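K.L.:
Sharing a structure below in structure tokens format, with a few things to ask.
The values are calculated or read from the model by the stated rules, or taken from the named source; none is laboratory data. Just so we're clear, the structure is a prediction, and the values are computed from it rather than from any experiment. A quick note on method: Cβ atoms are made from the backbone with ideal geometry, for glycine too, and the neighbour counts reach across all protein chains shown.
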Amino acid sequence: MMILKNIIVGGVPSDILIDGNRIASVVKAGTVMCDKSDAVIVDCTGKTAMPGFVNMHTHAAMTLMRGMGEDIAFHEWLKRIWEVESKIDAEYVYHATKVACLEMIKTGTTSFNDHYWHMPEAYKAATEMGLRSVLAYVICDRKEPEEAARQKEQCMRMFQQTKAWGDTATFAIAIHAIYSVSEEMILWGTDFARRNGLKIHIHLSETSKEVEDCMAEHGVSPVVYLDRLGVLGPDVIAAHALWLSDEDAEILGKRGVTCVHNVNSNLKLASGYRFPYAELRDAGANICLGTDGCASSNNLDMLETMKTSAMIQKAWRNDPSAMPIPELISMATSNAGKALGLEIGKIEPGALADILIVDTENCSFVSPAPFEANLIYSAHSDCIDSVICNGRFVMKGRKVEGEKEILRNAAEMLTKLM
Ligand SMILES: [Zn+2]
């Protein structure tokens, strides 16, 4: 049992009782009932609780590839990154994922939806760091039958291994994208996921070129192509969903697909900026936020992602109400819980205890504005004092266990990228 005493929740001074990995109760400050004399009491006076952020699209182990593809176009960038990735191994992924988790913890992310190679090492890293993860086996056969056969066998084998995973990690299927995966493997991956109740994580309509190439090859948009294959459904998490027609947005909404906006990556690679937020939301799609990997977004900061998403949306729509604060908060928290089928993203009894303790005693919060407005538009992630994930502190007073060693080990991996 743990009690977060005198912490602000939704504007109200409260006590949060955590039992194991879940929130047992949220009550008015000073009224918490706990019959366990050994309960750990944490004084949170002057601090505010927020649900931990969920990064719904990232490639965590790319964290050591920051800045390796600056100032070049998407397809040239992808070629360069694939060249770098051909040199990495399991050891690299383990240490790089640890650094990614360190950064995520420091910036308030408690869960991440990952799309990368060497998944067993990513699992080990995320679990050691105490974060909640969704780790996908990446199908990317580059339309070569031999590679497809190898990946099918490896995917089935890895799925068996993941049955021994602890409760903070979930296995998923990633289908890299329609331009890098054969139709046969798109169907195989979808069928495998559906038979085993797994989420399907795919890059979709990220660039105008992807849409043009699909039109030339199949005569329809990537969304219509996948819909005709029977891929789209509420178990699909589509990263980017940037280049959409009105019909595409309607289909994604009707199928209940989760669309993940990755604004910084899209901006930096000049993929585009007109994410059709209102169209997707009004059509019924579930919308979340992600950073994408550090090779394109350069950091994993969800607060920065929230702010930029809203600013860009307001600007190109010429409408300051284009992405309101409560919706922005849901996109970074509870919508992700809905997408992943996990009770995360909320501070309420029964929810998993993934909580940020935010220190508001700094310049960013000295204003009469609501906490959320200051958090998103004024503060930086260093206002996040402590982070609890699955009922356990993973950062306390800005300190994460083993931080120096994690950075030192990662630095030794850099030679593998050269
Ligand atoms: Zn991506």
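Here's the yes/no breakdown for (1) of a type in the set (S, T, N, Q); (2) away from the ligand (no atom under 16 Å from the Cβ); (3) in contact with an Asp or Glu (Cβ under 8 Å, 6 or more places away or on another chain):
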position	(1), (2), (3)
9	no, yes, no
40	no, yes, no
43	no, yes, no
60	no, no, yes
63	yes, no, yes
74	no, no, yes
77	no, no, no
81	no, no, no
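K.L.:
Let me ask you something else. Any chance segment 237-251 includes a residue that's more than 22 Å from the chain's Cα centre (by Cα), away from the ligand (no atom under 16 Å from the Cβ) and in a loop (DSSP other than H, G, I, E, B)?
P.N.:
Checked segment 237-251: at least one residue is more than 22 Å from the chain's Cα centre (by Cα), away from the ligand (no atom under 16 Å from the Cβ) and in a loop (DSSP other than H, G, I, E, B).
K.L.:
Output the residue which, of all residues in segment 110-130 that are within 16 Å of the ligand (Cβ to nearest atom) and either among the β-branched types (Val, Ile, Thr) or out of contact with any Asp or Glu (no Cβ under 8 Å at 6 or more places or on another chain) (or both), is farthest from residue 201 (Cα to Cα).
P.N.:
Across segment 110-130, the extreme among qualifying residues is 119.
K.L.:
Name the residues in segment 198-224 that are farther than 13 Å from residue 245 by Cβ and in a loop (DSSP other than H, G, I, E, B), would you?
P.N.:
198, 199, 206, 207, 219
K.L.:
Let me ask something else. Out of all the residues in segment 267-283, is one or more touching a residue at least 40 places away in the same chain (Cβ under 8 Å), closer than 21 Å to residue 133 by Cβ and not charged (D, E, K, R)?
P.N.:
No; the residues of segment 267-283 include none that is touching a residue at least 40 places away in the same chain (Cβ under 8 Å), closer than 21 Å to residue 133 by Cβ and not charged (D, E, K, R).
K.L.:
Give the residue that is nearest to residue 326 (Cα to Cα), with candidates limited to residues of segment 10-52 that are in contact (Cβ under 8 Å) with a residue 24 or more places away in the chain and among the basic types (Lys, Arg).
P.N.:
The qualifying residue nearest to residue 326 (Cα to Cα) is 47.
K.L.:
Something else now. Six or more apart or on different chains, Cβ under 7 Å: which pairs go from a residue in segment 57-78 that's within 17 Å of residue 413 (Cα to Cα) and in a helix (DSSP H, G or I) to one that's within 16 Å of the ligand (Cβ to nearest atom) and aromatic (Phe, Trp, Tyr)? Could you list them?
P.N.:
60/112; 60/116; 61/116
K.L.:
Looking at (1) in a helix (DSSP H, G or I); (2) away from the ligand (no atom under 15 Å from the Cβ), which one does residue 264 not meet, given that it meets all the others?
P.N.:
Single failed check for residue 264: (2).
K.L.:
Let me ask you something else. Take the residues in segment 288-316 that are of a type in the set (A, V, I, L, M) and within 16 Å of the ligand (Cβ to nearest atom), then tell me which one is surrounded by the most Cβ atoms within 10 Å (Cβ to Cβ).
P.N.:
Taking the candidates together, the pick is 300.
K.L.:
Among the residues of segment 321-332, what is the count of those that are closer than 18 Å to residue 279 by Cβ and in contact with a helix residue (DSSP H, G or I) (Cβ under 6 Å, 6 or more places away or on another chain)?
P.N.:
Here the count works out to 3.
K.L.:
Scan (1) under 30 Å from residue 361 (Cβ atoms); (2) surrounded by fewer than 20 Cβ atoms within 10 Å (Cβ to Cβ); (3) within 16 Å of the ligand (Cβ to nearest atom) for the single condition residue 30 breaks and write down its number.
P.N.:
Looking at each condition in turn, residue 30 falls short on (3).
K.L.:
Given segment 86-188, what helices (runs of 4 or more DSSP H) lie entirely inside it while holding 1 or more residues that are closer than 27 Å to residue 50 by Cβ?
P.N.:
Correct list: 90-106, 119-129.
K.L.:
Return the residue satisfying two criteria in turn: it lies in segment 199-222 and is away from the ligand (no atom under 16 Å from the Cβ) and among the polar types (S, T, N, Q), and of such residues it is nearest to residue 57 (Cα to Cα).
P.N.:
Among them, the one singled out is 208.
K.L.:
For segment 191-202, give me the residue count where each residue is buried (at least 23 other Cβ atoms within 10 Å of the Cβ) and within 22 Å of residue 261 (Cα to Cα).
P.N.:
Residues in segment 191-202 being buried (at least 23 other Cβ atoms within 10 Å of the Cβ) and within 22 Å of residue 261 (Cα to Cα): 3 in total.
K.L.:
So, in segment 339-348, of the ones that are surrounded by fewer than 21 Cβ atoms within 10 Å (Cβ to Cβ) and in contact with a helix residue (DSSP H, G or I) (Cβ under 9 Å, 6 or more places away or on another chain), which residue ends up nearest to residue 374 (Cα to Cα)?
P.N.:
The residue in question is 346.
K.L.:
So residue 227 passes all but one of these: (1) within 24 Å of residue 53 (Cβ to Cβ); (2) touching a Lys or Arg at 6+ places or on another chain (Cβ under 8 Å). Which condition number does it fail?
P.N.:
Every condition holds for residue 227 apart from (1).
K.L.:
OK, next. Only one of (1) away from the ligand (no atom under 16 Å from the Cβ); (2) touching a strand residue (DSSP E or B) at 6+ places or on another chain (Cβ under 8 Å); (3) aliphatic (A, V, I, L, M) is not met by residue 278, so which one is it?
P.N.:
(2)
K.L.:
For segment 277-287, check the following and say yes or no: at least one residue is part of a loop (DSSP other than H, G, I, E, B) and over 16 Å from residue 222 (Cβ atoms).
P.N.:
Within segment 277-287 (the criterion being part of a loop (DSSP other than H, G, I, E, B) and over 16 Å from residue 222 (Cβ atoms)), the answer is yes, since at least one residue qualifies.
K.L.:
Go through (1) hydrophobic (A, V, I, L, M, F, W, C); (2) surrounded by 22 or more Cβ atoms within 10 Å (Cβ to Cβ); (3) more than 22 Å from residue 333 (Cβ to Cβ) one by one and return the number of the condition residue 236 breaks.
P.N.:
Result: residue 236 passes all but (3).
K.L.:
Moving on. Please go through (1) at pLDDT 95 or above; (2) among the small types (Gly, Ala, Ser); (3) more than 16 Å from the ligand (Cβ to nearest atom) for residue 67 and return the number of the only condition it doesn't satisfy.
P.N.:
(1)
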